[in-house]
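First the structure, in the form of structure tokens, and then the observations on it.
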Amino acid sequence: FGITYIGYDKSLGVKVAVKECFPEQMVGRYEGTKEVHLWNESLQERYRENLEGFEKEAKILAQLLEKRVGGLVHVKKRFEENGTAYMVMEYVDGKSLYEYVQEQGGRLSVKEALELLYPIGQLVAQLHQHGLIHRDIKPDNIMIDAQKKTTLIDFGASMEFENAKNNEKIFSPLYSPREQRMGEGQGRSTDIY
């Protein structure tokens, strides 16, 4: 769905993450250009929906930040340029839970797993209290910093659960419940799985 770059905010003197809406099955760039173009004009509507979803993700993160929900990446800015959209976010210096587990030989002790995942569980409970489901919780979307603080990222599939389309099949193999893979019954249990 996108490309994430490491950037530098000169005015604040800090690294940032810059996420670009770039669904590579729909768009590309000609060599030496920045402008995004559609592979086929018939994809125009789907690409517009992707841009709308990207804007929704930025708004959800900004609104949660305003509500002081902790444990998620902060959005600093959203803008459109080069025929696509971008989000400037807090840079989380660390690795994904997936990478971390691989470095540990593919296993974690129960104690360490609980220490890492308990804050994510608390965050998910807060999301649910605000009427949202993430719909894509997996080791690749949990970042761990040097102090072993966890941060949930990638809210591109998130939505208000009363608006969850039961026929919408957004899922990650091995990390999504059967109901979500089949496009039915999405709600709080989708995240808990």
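The values are calculated or read from the model by the stated rules, or taken from the named source; none is laboratory data. All of these numbers come straight from a predicted model, not from anything done at the bench. Don't worry about glycine lacking a Cβ; one is built from the backbone with ideal geometry, like all the others, and counts go over all protein chains shown. Surface areas here come from the heavy atoms of the whole protein model, side chains and all, with no ligands, DNA or RNA. Shrake-Rupley method; radii C 1.70, N 1.55, O 1.52, S 1.80 Å.
Details
- With a cut-off of 11 Å between beta carbons, the residues surrounding Val36 carry a summed charge of -3, where Lys and Arg count +1 and Asp and Glu -1.
- Extension reserve of the Asp9-Gln25 stretch, reckoned as 0.36 nm per residue once the Cα distance is removed: 2.7 nm
- Estimated at 0.36 nm per residue, the fully extended path between Lys111 and Arg46 surpasses their Cα-Cα distance by 19.0 nm.
- Rounded percent of accessible protein surface that carbon and sulfur make up, region 76-118, 1.4 Å probe: 50 percent
- Within the shell of other residues whose beta carbon sits under 11 angstrom from the beta carbon of Ala146, the net charge comes to +1, with Lys and Arg scored +1 and Asp and Glu -1.
- 9 Å beta-carbon shell around Val124, net charge (K/R +1, D/E -1): 0
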